[in-house]
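Worksheet: one structure, shown below.
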2 protein chains.
Amino acid sequence: MTQIAPPNSPTISDDIYHLIKQDIIKGKFSPGAKLAIKEMCARYHVGNSPLREALTKLAATGLIQQQNQRGFRIPLISGKDLADICDSRIHIEVAALKMAIAKGDDYWEAQILAQFHQLQKCQQQEDVDQAEWESRHSRFHNALIEACDSPSLLGFCNILHDQFDRYRRLAPTDLKIRAELDAQHREIMQLSIAREATKAGELLAEHIKLSARAAMAMFGNR
Amino acid sequence: MTQIAPPNSPTISDDIYHLIKQDIIKGKFSPGAKLAIKEMCARYHVGNSPLREALTKLAATGLIQQQNQRGFRIPLISGKDLADICDSRIHIEVAALKMAIAKGDDYWEAQILAQFHQLQKCQQQEDVDQAEWESRHSRFHNALIEACDSPSLLGFCNILHDQFDRYRRLAPTDLKIRAELDAQHREIMQLSIAREATKAGELLAEHIKLSARAAMAMFGNR
DNA sequence: ATTTACAAGAATATCGATATTATAACAAGC
DNA sequence: GCTTGTTATAATATCGATATTCTTGTAAAT
């Protein structure tokens, strides 16, 4: 009995879902901007239905807002919102990291090393490819928690990551802070593989806070 | 300057989203069942587009599964999945409760008392109205954490609640356990209003575990 | 008997057009 | 001048039909 791998083609809906999602995270739409259906159809060369499905899906993850009979908008930004995303990320991602440290196997350790290496290589370039860095950075953070074996926590982490990234790209990160963040990456990796759950968790919390600081500076209060 | 309240009519898409969501939670579809587009359109008396948007949204929250070119399915159930949902709920809902206890004001306290009272009244009936009980039970749990002032955590709690409820309704809860769960409700309420964050959190964790036990008994292993 | 190839059928996903609702512009009344 | 009411316009949401993809059944080949 040979279980043949199913074909499973992509759909337009799914393709532009990822496209639009990335564009939002990249900041190609300004906060509060209206996403007019017709314009979006023209921009992404798709019809009504798949576009709306993609937008609906994005609205479900909080990356855009939907109002009945009034279409879709890019959410406004605020210090309060960022603080919320940051705090939630700390709660959930730290929990996931601790679980991963408890459950992770050799493959998990290897993947962390591998992704860290790729991130390093990317950063040593003369002019860093932003898109590539973002991708590798995400993969590194994901590798840390992937072994937590909790689909729901991982899903929430992804949602929060996306929302967090939109903020992070609004404010260019200072070089000094960038170096510090990178040092934290190394430390978190080492502590995780050494199974120092508590210390690793604390450092990850610090790391997230520091990441948020640059964007946070754009808002006076919370 | 009189800021008039906007009209904001409902949409078919939004209406059936809630309808289908409740039907899934109520267990009207068996795990693994295929949700054929045409049949669903007939069943809910709606067209193609709003139905697909509703299903897409539900897929984004994990209440149904979507596969490209292969439509939508009700997720299978498993002890592993339930354990994951349960654990995540504990992580996130306990965190939210502690935040709420730290930030809650008089209104928060009053709402908890009010929702608890309504839940009690409902339970003292001869034959409990299941739908009404579910609604009041949800509102009580929500009242506890609402003051946490974190939209993202509250959103995740709702998602997990929905998934959890589907499992809970699969197995009828033993009367003895039911009484115990209700005693916990009262205790959690009291500890919360007394601002005993740690104790309240621990008890909420116990409460969630106990709720899951009945459904968990349906699966031998994890 | 098992696998492979192909064709018919069914289902999903998408398009183009329409109906419904919100928005904007403008006139009338206080 | 400001509010209120009305109409024209534009946008969203929905429908019905079509194209594309998967699935099933049958026949040929190894």
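The values are calculated or read from the model by the stated rules, or taken from the named source; none is laboratory data. Computed from a predicted structure; not experimentally measured. Heads up, the Cβs are rebuilt from the backbone with ideal geometry, glycines too, and the neighbour counts pull from every protein chain shown. Just the protein is used for accessible areas: all its heavy atoms, side chains included, with ligands, DNA and RNA removed. Shrake-Rupley method; radii C 1.70, N 1.55, O 1.52, S 1.80 Å.
Data table
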| item | result |
| --- | --- |
| From phi via Karplus (6.51, -1.76, 1.60), per-residue ³J(HN,Hα) for segment B:59-64 in Hz, x at Gly/Pro | 5, 5, 9, x, 7, 9 |
| Charge dipole (the protein assembly as shown, unit charges on Cβ, about Cα centre) - positive-most of B:Leu181, A:Val46, B:Gln130 | A:Val46 |
| Buried area at the A-B interface (accessible, heavy atoms, 1.4 Å probe, summed, Å²) | 2800 Å² |
| Additional length obtainable on full extension of the chain from B:Trp133 to B:Ala179, 0.36 nm per residue less Cα span | 15.1 nm |
| Accessible area of segment B:133-222 divided out per residue, in Å², using a probe of 1.4 angstrom | 46 Å² |
| Sulfur and carbon atoms: percent of accessible area, segment B:94-151 [1.4 Å] | 46 percent |
| Part-to-part distance (alpha-carbon centres) for segment A:139-155 and segment B:65-113, which is given in Å | 18 Å |
| Probe 1.4 Å - accessible area at B:Asp14, Å² to nearest ten | 40 Å² |
| Violating pairs (Cα-Cα greater than 22 angstrom) within the set A:Lys199/B:Lys80; A:Lys28/A:Lys176; A:Lys103/A:Lys199; A:Lys98/A:Lys209 | A:Lys199/B:Lys80; A:Lys28/A:Lys176 |
| Interface residues in segment B:153-168 - accessible area drops by 40 Å² or more relative to the isolated chain, probe 1.4 Å | B:Phe156 |
| Across the identical copies, how the A:Asp127 labels are spaced - nm, sorted shortest first, 7 Å along Cα→Cβ | 7.5 |
| Assigned charges on the beta-carbon of Lys, Arg, Asp, Glu; chain A dipole about Cα centre (debye) | 900 debye |
| Spatial extent of segment B:63-172: Rg and Dmax, with the Cα atoms as the point set, Å | 16.2, 52 |
| The protein assembly as shown: translational diffusion in µm²/s, Stokes-Einstein, Kirkwood Rh over Cα pairs, 4 °C, 1.567 mPa s | 54 µm²/s |
| Most mobile listed residue (B:Thr56, B:Thr198, B:Thr11) in chain B, GNM with C-alpha springs under 10 Å | B:Thr11 |
| Rounded, prolate or oblate (a/c below 1.5 giving rounded, otherwise prolate when a/b exceeds b/c) for segment B:133-217 by Cα gyration tensor | oblate |
| Partner chain coverage, peptide B:77-83 - average Cβ within 10 angstrom | 1 |
| Acute angle (nearest 10 degrees) that the helix B:106-123 long axis makes with the longest principal axis of chain B, alpha-carbon atoms | 70 degrees |
| Chain A, relative contact order in percent, only Cα pairs under 8 angstrom and at least six apart counted | 25 percent |
| Pseudo-label separations to other copies for B:Gln22 - Cα-to-Cβ vector, 7 Å, nm | 4.1 |
| Gaussian network model of chain A, Cα within-10 Å springs - most flexible of A:Asn158, A:Asn142, A:Asn68 | A:Asn68 |
| Charge-dipole axis of chain B as Lys and Arg at +1 and Asp and Glu at -1 on Cβ define it, positive-most pick from B:Ser9, B:Gly32, B:Gln22 | B:Gly32 |
| Cα centre as origin, Lys/Arg/Asp/Glu Cβ charges: the protein assembly as shown dipole, Debye | 880 debye |
| Calculated label separations, B:Pro151, copies of the chain, 7 Å along the beta-carbon direction, nm | 2.8 |
| Bins of 5 Å, starting at 0 and running to the largest distance - Cα pair percent for segment B:12-73 | 4, 19, 34, 31, 11, 0 |
| FRET efficiency, 1/(1 + (r/R0)^6) with R0 45 Å, evaluated for B:Lys38 and A:Glu187 via beta carbons | 0.20 |
| Cα-based helix-to-principal-axis angle, A:12-25 vs chain A, degrees rounded to 10 | 60 degrees |
| Degrees, to the nearest 10: A:130-145 long Cα axis against longest axis of chain A | 60 degrees |
| Extent along principal axes [Cα atoms of chain B; Å; largest to smallest] | 64, 53, 36 |
| Candidates A:Ala95, A:Ala59, A:Ala179, ranked by Gaussian network fluctuation over chain A, Cα under 10 Å, top entry | A:Ala179 |
| Dipole moment magnitude, nearest 20 debye, segment A:12-73 about Cα centre, only Lys, Arg, Asp, Glu C-beta charged | 260 debye |
